[in-house]
Structures are given as structure tokens and as C-alpha cells.
């Protein structure tokens, strides 16, 4: 098995910048750090085979290092319509922001600028719908995070809220 930094040696110190930024209200640095760890662990060729679930799991694992958060994957946000967020990182303290993630993945071949834009728009639309879910009503400060990966590279990112 290759050295996979996010699986074998993940520490809060390793992701201190990203975790600090999360507490301050932005997820971008943490997403970039996880993408870098995946690049280091898998290399260039395997990136053609990575799926949404791989990024979701890596982000979930690292988010578990953050104090004051209780990350969940495939979190059901709307009962009647069965919407599920890829990753939900709720704060245990109302003073901190909570994060709702939609993650999209494209292969390097499929990752044209137009395809990346379309995937980002799709993720943003899903987030807008999911953010209305009854399960999220108790959380006053929700950041909606859309990430599009092309291979193991972060191709597009948006955060709203």
C-alpha cells in the first residue's frame, strides 16, 4: 500500500491551517490540503479513477480532527424529497459556522472548462435546495461549499453563506 498521508499519518498539526480556517468560516484551505494529500498519496495516473466518495471520505476524516464539529456523510437534509448532502459538518457551538458540502468529480479527460462550470453550477443548485432542509433549521450559520475536482486537482470551488 502506498503512503497515503490522509489515512496513515493524519494529524491535526498537519492540517492546522485548514482547520483554523474552518473555525474562521472558510473551507477552501482545508479542501486544498485534502486534495494535495490525495495527489501525494495516489499520484497522477490513479487520479483518473478517484470518485466523489474518495474525496468525501478524505474530507470527512480530516474534518473529524476539528474541535467543535461533528461531521457526517450522506446526511439527509430533506425528509420528503430524500435529499442528501455529501458532507455535513455541523458546529456544536452556535458561534461557529457549520458547513454543507456538495462534491463533484471529473476525470482529467472530461474536465473541460465548460464541464467544470456545469458541475459547479449543479453543485450550487443542489446546495441551495438542501439548505432549505428541515434538519438544518437549528443551525443559524451555514456555509454552502461546492467543490469540483478534476482528477485530484481542485478545479472549482465556491462558498456561499
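No lab work stands behind these numbers, since they all come straight from the coordinates. Bear in mind the structure is a predicted one, so any value in this text is a computation, not a measurement. A quick note on method: Cβ atoms are made from the backbone with ideal geometry, for glycine too, and the neighbour counts reach across all protein chains shown.
Under a crude label model (7 Å from the Cα following the beta-carbon direction), how far is residue 139 from residue 92 in nanometres?
1.5 nm
Under the definition of Cα pairs under 8 Å and six or more residues apart, what whole-number percent is the relative contact order of the chain?
Dividing the mean separation by the residue count of the chain yields 22 percent.
Report the Rg/Rh value for the chain, based on alpha-carbon coordinates and the Kirkwood definition of Rh.
Rg/Rh for the chain comes to 0.96.
Cut-off is 10 Å between beta-carbons; in what order do 29, 142 appear when sorted fewest neighbours first?
Ascending number of Cβ neighbours within 10 Å: 29, 142.
Would you kindly state how much longer the chain becomes between residue 73 and residue 28 on full extension, computed as 0.36 nm times their sequence separation minus their alpha carbon distance, in nm to one decimal?
14.4 nm
Among 125, 137, which comes first, then next, by fewest other beta-carbon atoms within 10 Å?
So the ranking, lowest neighbour count to highest, is 137, 125.
For labels at residue 17 and residue 153 in the simple 7 Å Cα→Cβ model, what's the distance in nm?
So the label points at residue 17 and residue 153 sit 1.9 nm apart.
Would you calculate the separation in nanometres between label points at residue 122 and residue 61, each defined as 7 Å from the Cα along the Cα-to-beta-carbon direction?
Inter-label distance under the simple model: 2.6 nm.
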